[in-house]
1. Suppose each label sits 7 Å from its Cα in the direction of the beta carbon; what would the A242-R360 distance come out to in nanometres?
2. Where the centre of each part is set by its Cα atoms, how far does segment 216-257 sit from segment 75-151, in angstrom?
3. Run a plain Debye calculation on segment 58-116 (Cα atoms as equal point scatterers, no solvent) and give log10 I(q)/I(0) at q = 0.18, 0.31 Å⁻¹, rounded to two decimals, same order as the q list.
4. What distance in nm separates the simple spin-label points at Q448 and T107, each placed 7 Å from Cα in the Cβ direction?
5. Suppose R0 equals 41 Å. What FRET efficiency, 1/(1 + (r/R0)^6) with r the Cβ-Cβ distance, do R262 and R87 give to the nearest 0.05?
6. Carbon and sulfur together cover what percent of the accessible area of segment 16-77 at a 1.4 Å probe radius?
7. Just need the relative contact order of the chain here, percent rounded to a whole number, with Cα pairs under 8 Å and 6+ apart.
8. Using the Kyte-Doolittle scale, find the helices of the chain whose mean hydropathy is at least 1.0 and whose Cα atoms extend 24 Å or more along the helix's long axis, counting only whole DSSP H runs.
Amino acid sequence: MSVTRTGESSADTEPDPRRWWGLVIIALAQLMVVLDATIVNIALPSAQEDLGISDGDRQWVITAYTLAFGGLLLLGGRIADLVGRKRTFVIGLIGFAAASALGGAATNSAMLFGARALQGVFAALLAPSALSLLTTTFTDPKERGKAFGIYGALAGSGAAIGFIVGGLLTEYLDWRWCLYVNVPIAVVAVLGALALLHDRPGHAGARLDVPGVVLGCGGLVAIVYGFSEAEPRGWTDPLVLALFAGGIAMLTAFVWWQTRARVPLLPLHIIKDRNRAGCFLTMGLAVIGMFGLFLFMTYYLQVILGYSPVKTGLAFLPLTVAIIIGSTQISARLMNRVPPRMLMVPGMVLASGGMVILTRMTVHSSYTSEILPALLLMGLGMGLTFMPVFATATAGVAPQDAGVTSATVNTSQQVGGSIGTALLNTIATTSSAAYISAHLTDPARKAQVAAEGTVHGYTVAIWWAAGIMLLAGLVAGLMVTTGPPRHAPAAAAVPESVG
């Protein structure tokens, strides 16, 4: 929404004539970060064989990234607020490129795992600074709608694009290029950022809330790690239970400390705001369902239907196109005319409907008649939802809190993704095992029953994902009660004093 914040000069409030080129750079960086959550998935079998990674350890190629990324986002967001978002953005890009090059050159599993963790560290700097730069660059309601439409499209479709790019690179070049590809993208983004992006300097006199960093980031790391270990170990494993208990205890202590810290890592007024909290919850729940979809559909297309990596990636293309249409052509055009929940609730209902269609899939399903309609519905639904979530969650935030607010949106995404992957995968494998044990009466049909059992597990988990998507819609409908941006009360624009 368009506001002139207290203490800003008229020069600060005049729109930057090169802001749309700046958006291209911000979008490029965000795409790189989101791509990396999935681009390595398709490369994983090749990397595992090349480096001799065991089945038990292969999950760390994914987990090392999500653990560092999800756990350190709040710290990255606050650093962006303290030292300046443009500076943090550039540092994040350079570090991410260097870590990607290190991973691409990996000669053993430890080197690859370490590089992926480093990528996560720099992504935690990069993602919140990108979103907060977008928030502070586009304040006019009409322009804000278009800008967040593009950003929401990338956030929603980036994972699907990752499958396409990963498939092409793995099949025609080498799995290492799934990491090397980040280097030229980052170089272009750094040059563009230095030339096009502008930002007010950081708060030189401000101090970092060290106890808050330890408690908040430590708690998030423990919980994300707990979910990642729940998949191979089981939910009742002592280590998993200890991680959850420790994470909850640390986050409880974190909330207590934030009420007392002089300069809190996460000012509680950010999450106490009803609309903002509703957006964080909606995002987390929506991503649980979305990541489950990507996980099951990748294996279904490759293992059950026998698609190649490239064909699998291309099968996700309609989903990507639908997300872009839903975000840029529908949400962006309607955001200033209707309340955000009028986009978010139908979006989640559509996405859930697409999930329900997928519960009918079998070992012989046709892509065109059974899979494609579901992907289109889900894409439109996610496109309708993500864009107003990003725009509403970051609207009217005081400039010194833009980074940490953006980080909280990204944290809900990452934690939701980790929960979704572990929870839905556990449901799928348990259901598959039960089906196979109940139906395996003829040893001659072992392979057929195994395939049917696998698909049965997927459909059970997808039913759960559909329910979680509906819950996200319910949360959005009940909690996100703000009106269209241009009609929001002026007093609500900047709820906190601006330093």
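1. 4.9 nm
2. Computed from Cα coordinates, the inter-centre distance equals 25 Å.
3. -0.69, -1.17
4. 5.1 nm
5. In this case the efficiency is close to 0.95.
6. Ligands and nucleic acids excluded, carbon and sulfur give 60 percent.
7. 23 percent
8. Helix filter hits for the chain: 60-83, 109-137, 238-258, 274-299, 341-358, 372-393, 446-479.
The values are calculated or read from the model by the stated rules, or taken from the named source; none is laboratory data. Note that the structure is predicted; figures quoted are calculated from it, not measured. Cβ: placed from backbone, ideal geometry, glycine included. Neighbour counts: every protein chain shown. In case anyone asks, the SASA skips ligands and DNA or RNA and just uses the protein heavy atoms, side chains included. Shrake-Rupley method; radii C 1.70, N 1.55, O 1.52, S 1.80 Å.
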